[in-house]
Structure formats: structure tokens, C-alpha cells
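The structure appears right after this line, and notes come after that.
What follows draws every value from the coordinates through simple rules; no lab data is involved. Just so it is clear, the structure is predicted and the values come from calculations on it, not from any experiment. Ideal geometry is used to build each Cβ from the backbone, glycine not excepted, and the neighbour counts take in all protein chains shown.
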Amino acid sequence: MSDARKPAWRRVLLRLTLGLGFLGALALTGGFLAFVTAIERAERPPTGRADAIVVMTGGSQRIGDAIDLLASGHGRRLLISGVNERTSRDEIARLNPNQQHWIDCCIDLDYRARNTIGNAIETRRWMRRHRFGSIAVVTSNYHMPRTLVELHHALDEDETVIPYPVVSDGFDISRWWADPAAARLVGAEYLKFLVAWLRTKVESDPEQSHFAVLVGRRKPVKMVAEHLMRETN
């Protein structure tokens, strides 16, 4: 190739790279807008009744709403997944003083899950231990898409998941563009959702997930994976 033709090839390569980068950015932006729209549309109470209810920890409002669902007959039993090891049943009762009966009779606490993958694993174990075929899942609205990806990956096709998204006080996703904190939160959750979606396409079983080790929180990541994989109920 002559020296005169080299700059032309470089220009073509540069334009191709820029074009692919532009298309990638456009796809990410369009996906993000669709992600936000899906969260907004999902902000409604569940219809119908499930066998049981699962709530992912991360805010007292989630747990309170889940106990209210249990009390109103949306399920026979409630799993609170991802409970901090320092949080006792008495502490939950103190924060929900009008629900003592339900806390005593019909609520199970999961201390093992350390992330959304762990939540899905522990939910599957709990459902099959009690022979539940359907669950209502309670978590924050922005966290719901990733939670559903993990649950659908862990559960069989005949096991039904009914989403119940919780809208945190003061969080208006429809105005994310006007609130830098909300924009960062939703943007980070969108990227986590993409990673979870891609991971579930290549992993056959979350029980064997090496990614669960990498994203473990509050404890050494190796211990998190061992806690998730040790028991096979």
C-alpha cells in the first residue's frame, strides 16, 4: 500500500469508529428512556392474589408495604430477604407496631442474601420449601426491573412473579432529568440492569454464579458466595 493511500484508510477507520460509537450511545440513550418509561408504567398495585410475598430489603417503607399486603390477604406468608444480621424480629416489630400478629405468625427472615442475585436464590429456596407457585415481589420501583430479571432467571416458567413496586417518598422518576441525585440513581440502576440481563443470558443457574462473589457487600466476597451456595434445600 502506498503512503498516499494510508491517510484515506485511516479516515475511513476513524469515521467507522465514530459511527459505531454514535450508534452505541444512541442505543444506550434509547434503552435508558425505555427503562424509565417502563418504571413509570409499573407504578400500580398488583392485581390478584399470590401464594406468598417476598420483599427485598433496602428501606423500611418496602417492609411496611409488604406487611400490609400480607395483612390484606395478598399472600399467606412473607419472606424478608437480605436482612442485616444485626436486625432482629423485635426490631421489625418495633418499626411496625400494629402488625405484631403477622410478624409472629407468618414472616420469615433471610439473613444470607447480600445482593439481588442472592435475593433470587433465597426466594427460590423459600418458595420450593413451602411449595409456593406464585409470589408478589416488593421492592423500590427503580430496582424492580433488575429484580424481575434475576427472579425470572432463578425460577421455573410455571412459577409466577407479580411485581409490587414501591415509590419512595420524594422520589419522582418522571422528573429525573431535573434532579441530579435521581438521575445518578436511575442511571446507575440502568447499567446494573443491563449487566444482570447480559449475565443471565450466559449463566445457566444463579447458584453457580461467580458474579455473586464479585458484587457481595458488607462481608468478604468469598464468604458471600459460600453462604449462597452451601445449602441446597
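Data for the structure
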{"quantity": "Full-stretch length increase - residue 167, residue 71 - with 0.36 nm per residue and alpha-carbon distance subtracted", "calculated": "32.6 nm"}
{"quantity": "Stretch gain in nm, segment residue 129-residue 87, where the contour uses 0.36 nm per residue and the Cα spacing is subtracted", "calculated": "12.8 nm"}
{"quantity": "Amide H within-cut-off set for residue 136, under 5 Å, with H built and near neighbours excluded", "calculated": "52, 53, 54, 162"}
{"quantity": "Interchain or long-range residues, amide H under 5 Å from residue 171's placed H", "calculated": "none"}
{"quantity": "Relative contact order of segment 115-180, defined on C-alpha pairs under 8 angstrom at six or more residues apart (%)", "calculated": "39 percent"}
{"quantity": "Length-normalised contact order of segment 52-230 in % [C-alpha pairs under 8 Å, at least 6 apart]", "calculated": "22 percent"}
{"quantity": "Placed amide H near residue 114: partners under 5 Å, 5+ positions off or other chain", "calculated": "119"}
{"quantity": "Average Cα contact separation per residue, segment 60-161, under 8 Å, 6 or more apart, as relative contact order %", "calculated": "28 percent"}
{"quantity": "In segment 72-174, GluC sites (Glu not before Pro) in a DSSP loop with at most 15 other beta-carbon atoms within 10 Å", "calculated": "85, 157"}
